[in-house]
Protein chains: 2
Amino acid sequence: MKAAYYSGNQSFTIREDQPKEPQAGEARIKIAYCGICGTDLHVYHGAMDARVTTNRVIGHECSAVVDAVGAGVVGVAPGDQVVVRPLKHCGECPACRKGYVHVCQNLKFLGLDTEGAMQQMWTLPAHTLHKVPSDMRLDHAALIEPTAVACHDVARSRLQPGEDVLVIGGGPIGLLVAMVARQAGGNVVISEVSDYRLSVAEKLGFKTLNPTKVNVAEAVWKMTGNKGAEVVFEVSGSRPGIETMTEAAAVRGRIVMVAIHGKKPEVDMFKFFWRELELLGARVYEARDYEKAIELVVSGAIDCKTLITDIQELEDIAKAFKALDGNATAMKSLIKCS
Amino acid sequence: MKAAYYSGNQSFTIREDQPKEPQAGEARIKIAYCGICGTDLHVYHGAMDARVTTNRVIGHECSAVVDAVGAGVVGVAPGDQVVVRPLKHCGECPACRKGYVHVCQNLKFLGLDTEGAMQQMWTLPAHTLHKVPSDMRLDHAALIEPTAVACHDVARSRLQPGEDVLVIGGGPIGLLVAMVARQAGGNVVISEVSDYRLSVAEKLGFKTLNPTKVNVAEAVWKMTGNKGAEVVFEVSGSRPGIETMTEAAAVRGRIVMVAIHGKKPEVDMFKFFWRELELLGARVYEARDYEKAIELVVSGAIDCKTLITDIQELEDIAKAFKALDGNATAMKSLIKCS
């Protein structure tokens, strides 16, 4: 079987590997598709070499078919279509003991801290698998992982039907958050600077605001009858996004921090005090977010066709990353592994 | 009757005023004591002249006895001992319509936006009054307002018995937050730089950490068995406090923003993401916080004797402010108004 190893400095090496036999509690899955995540692009740029090393099969947004299972595995069987929730928790730290296993203090993220999905066969803990319907398109199923991120973000926001929602950033995750929030009954508007992404957001039926042309916070207050947005998702990772999130939020508004801000931004703490705002960090997903994501992708509430803008063969992984990198008109690229 | 008018630039003018007749829905109260709040010190320094003007009776941390009531007033009668919840909401803005009247979008704060308590008689809306027991010491009752602030902060934190709590800042509000959190079952440690304030915190029975001597976050992680503090109150208003609040918080920890950070500090947004932290803004109080504060002060759970470090006559208000200003060994100063 073929496996694509990230080998440092924007390069991959395709190798012929022997599929691993699943041990007790493990499953071997035949990967159908694996999406390229923003995190994978960071790896590609060498930004995570210390954590990932320069000899690793990365990838975690995958769909697959179960090939074999080890002893004691229940719930999945060969032939089942599945997706992977790529988290391995320790079960012993204070966070795990409280039930927050997805933010385990010793969490291993499969495909970063361990081998991942950009190979033809992957042997991994069976508890990470979620079954999807047997007739589901597996290219669409590869979007379940990022959709689960969005489901987790929306769950963290405690969004209620009829509430006004601002999503700052209209990339793949921003659009998924917007779709999940809309499905939960939110009145969603998306703030985005790229004309292409704005056009996609509009094609998906969303109201949009372009911060290079309007003051987004003022527009939100005007659109909401001087109330502001009950829920704000900061997905842009930008300084202006940090500014807008506090300005646009209603009294007692909930701001969900989806983006990864590597450098500490200046944040308007006074507005948190004055309007009793809440900031809620959100990371990866829990099992229930996966179940919700499967339901939404299967039902068509997530427009996978519009989001998937490129599919490349595993052998062409380097080409796929190069084509995606800095491409203003790309959304989600998939690697077809088998 | 005498009234002390803030008249700009660290000065007060004592005037002889005519007590106002209470109109419908109003009460006239005879002020017993009025505490000096940090906000009053800001006023004293001229930092709030645009809002307060330089011809205003300030003060809002008061205890009083009802002198007369206007038409239609129920629930309080002449002779009742009372405290004032100094908030006037509009009832019509989006925040009020949702029931968040204490963070009304047009909130008037009595004693800043209107006349206040540093006078002998005050005529004000009767709905702002809470009755206290007829045998209660009125010097202690003057601490109910700041205790209600602390009750609101602790309510915002959703503190559960047995949780570990870090209070950053050991001034009057920090100590009140610590006492209310302890009463709610929290294991409280206080971080404070001043030796005097540390000694007061210790006298009140609290564990303390001095950030000039130890790394507070590391100490908290060690004290909590590598878990961190479930609840952090940032009361210091300092940059190091902002740093410590995210470092010391447990996975899914709740950080309550009590301090007013006028300038936007750099905040570790990555930790909010990584540990799924929550930041909760907290401002003033709700009616239930007053009821809780009355209960706690009456029961002795709040050590008023230790907190009250100075009492001055109304005529000596300028002296009282001067004595408090920048005084490292002062906690709460009261003005005796009648």
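Per residue of B:238-246, what is the mean number of Cβ atoms on other protein chains within 10 angstrom of that residue's Cβ?
Mean partner shielding for this stretch: 1.
I want to check the label-to-label distance for B:Lys264 and B:Lys322. Put each point 7 Å from Cα in the C-beta direction and report it in nm to one decimal.
My value for the distance between the label points is 4.1 nm.
State to the nearest 20 debye the size of the charge dipole of chain A about its Cα centre, where the only charges are +1 on K and R beta carbons and -1 on D and E beta carbons.
Dipole size: approximately 440 debye.
What accessible area, summed over both chains, is buried at the B-A interface (1.4 Å probe, Å², nearest 100)?
Buried: approximately 4100 Å² between A and B.
Treating the point 7 Å from Cα along Cα-beta-carbon as the label, what are the nm separations from B:Ala323 to the other copies, to one decimal?
Copy-to-copy label distances for B:Ala323: 8.0 nm.
When the gyration tensor of the protein assembly as shown is built from Cα positions, what are the square roots of 5 times its three eigenvalues, in whole Å, from largest to smallest?
Sorted largest first and rounded, they come to 56, 26, 21 Å.
Of B:Ile335, B:Val220, B:Cys151, whose Cα points farthest to the positive end of the dipole of chain B (charges on the beta-carbon: +1 Lys, Arg; -1 Asp, Glu; origin at the Cα centre)?
B:Val220
Show me the ranking of peptides B:162-175, B:31-44, A:278-291 by mean Cβ neighbours inside 10 Å, starting with the highest.
Result, highest mean Cβ count within 10 Å first: B:162-175, B:31-44, A:278-291.
Compute the distance in nm between two label points, each set 7 Å from the Cα along the Cα-to-Cβ direction, one at B:Gln160 and one at B:Lys108.
Once both label points are built, they end up 4.3 nm from each other.
Please report the base-10 log of the normalised intensity I(q)/I(0) for region A:148-281, using a Debye sum with one equal scatterer per alpha carbon and no solvent, at each q in 0.12, 0.19, 0.20 (1/Å).
The calculated log intensity ratios at q = 0.12, 0.19, 0.20 Å⁻¹ are -0.38, -1.02, -1.15.
Quantify how strongly other chains surround peptide B:252-265 by giving the mean number of their Cβ atoms within 10 Å of each of its Cβ atoms.
Mean number of neighbouring Cβ atoms from other chains: 4.
To one decimal in nm, how far is A:Gly91 from the same spot in the other copies, if labels go 7 Å from Cα toward Cβ? Please give the shortest first.
Ordered by increasing distance: 6.0 nm.
Write down the radius of gyration of chain A and its Dmax, each obtained from C-alpha positions, in Å.
20.1, 62
Hey, for A:Asn106 with labels 7 Å out along Cα-Cβ, what do the inter-copy distances come to in nm, ordered shortest first?
Once sorted, the set of distances for A:Asn106 reads 5.9 nm.
Give the average, rounded to an integer, of partner chain Cβ atoms located within 10 angstrom of each Cβ in A:279-285.
For peptide A:279-285, the averaged partner shielding equals 6.
Mind ordering A:96-102, B:318-324 by average Cβ neighbours within 10 Å, highest first?
B:318-324, A:96-102
Under a straight-distance cross-link criterion of Cα-Cα below 20 Å, which aspartates and glutamates are reachable from B:Lys322, leaving out those fewer than 8 residues away in the same chain?
In chain and number order, the partners are B:Asp40, B:Asp49, B:Glu61, B:Asp310, B:Glu313.
Looking at region A:297-338 from every direction and averaging, what is the projected area of its Cα convex hull in nm²?
3.4 nm²
In region A:83-108, which residues give up 30 Å² or more of accessible area once the other protein chains are added, compared with their chain alone (1.4 Å probe)?
Checking the loss per residue gives A:Pro94, A:Lys98, A:Tyr100, A:Val103, A:Gln105.
Mind putting a number on the dipole of region B:45-103 about its Cα centre? Charges go on the C-beta only, +1 for Lys and Arg and -1 for Asp and Glu, and I need it in Debye to the nearest 20.
The calculated dipole for region B:45-103 is roughly 300 debye.
When only Cα pairs under 8 Å and 6 or more residues apart are kept, what is the percent relative contact order across chain A?
Taking the mean separation of contacting Cα pairs over the length of chain A, I get 18 percent.
Please report the carbon-and-sulfur percent of the accessible area for the protein assembly as shown; probe 1.4 Å, protein heavy atoms only, DNA, RNA and ligands left out.
For the protein assembly as shown, the apolar C and S fraction of the accessible surface comes to 49 percent.
Please work out the C-alpha center-to-center distance from region B:94-163 to region B:302-323 and express it in whole Å.
If you average the Cα positions of each part, the centres end up 20 Å apart.
Using a 1.4 Å probe, what is the accessible area per residue for region A:3-118, in Å²?
Per residue, region A:3-118 has an accessible area of 42 Å².
Distance in nm between label sites at B:Ile311 and A:Asp135, each 7 Å beyond Cα in the beta-carbon direction?
For the pair B:Ile311/A:Asp135, the computed spacing is 8.3 nm.
What's the magnitude of the charge dipole for region B:148-281 around its Cα centre, counting Lys and Arg as +1 and Asp and Glu as -1 at the beta-carbon? Answer in Debye, nearest 20.
100 debye
Past 20 Å, Cα to Cα: identify those pairs from B:Lys305/B:Lys332; A:Lys207/A:Lys271; A:Lys207/B:Lys271; B:Lys2/B:Lys30; A:Lys108/A:Lys292; A:Lys227/B:Lys264, in the order given.
A:Lys207/A:Lys271; A:Lys207/B:Lys271; A:Lys108/A:Lys292; A:Lys227/B:Lys264
How would you rank A:83-95, B:228-240, highest first, on the average number of other Cβ atoms within 10 Å across their residues?
Per-residue Cβ counts within 10 Å, averaged per peptide and sorted highest first, yield B:228-240, A:83-95.
For region A:148-281, what does the accessible surface come to per residue with a 1.4 Å probe? Please give it in Å².
On a per-residue basis, region A:148-281 sits at 34 Å².
For region A:1-155, taking Cα atoms only, what is the radius of gyration to one decimal and the Dmax to the nearest whole Å?
15.3, 42
Tell me, what HN-Hα J-couplings in whole Hz come from the Karplus equation 6.51 cos²θ - 1.76 cosθ + 1.60 at θ = phi - 60° for each residue of region B:30-43, using x for Gly and Pro?
With coefficients 6.51, -1.76 and 1.60, one gets 9, 6, 8, 10, 9, x, 9, 8, x, 5, 4, 5, 4, 4 Hz.
If you restrict to DSSP beta bridges whose two residues both lie in the protein assembly as shown, what percentage is antiparallel, to the nearest 5?
Beta bridges within the protein assembly as shown, antiparallel portion: roughly 55 percent.
What number, rounded to the nearest 500 deg cm²/dmol, is the helix-based mean residue ellipticity at 222 nm of the protein assembly as shown, given -39500 (n - 2.57) per DSSP H run of at least four residues and division by all its residues?
Estimated from H runs of four or more residues: -8000 deg cm²/dmol.
Kindly provide the trypsin sites (Lys or Arg not before Pro) of region B:21-53 that DSSP labels as loop, not H, G, I, E or B, and whose Cβ sees at most 15 other Cβ atoms within 10 Å.
Taking region B:21-53 and a limit of 15 other Cβ atoms within 10 Å, no loop trypsin sites (Lys or Arg not before Pro) are found.
The values are calculated or read from the model by the stated rules, or taken from the named source; none is laboratory data. In this text the structure is predicted, and so the values were computed from the model without any measurement. Note: ideal-geometry Cβ built from the backbone for every residue, glycine included; neighbour counts use all protein chains shown. All accessible areas refer to the heavy atoms of the entire protein, side chains included, with ligands and DNA or RNA removed. Shrake-Rupley method; radii C 1.70, N 1.55, O 1.52, S 1.80 Å.
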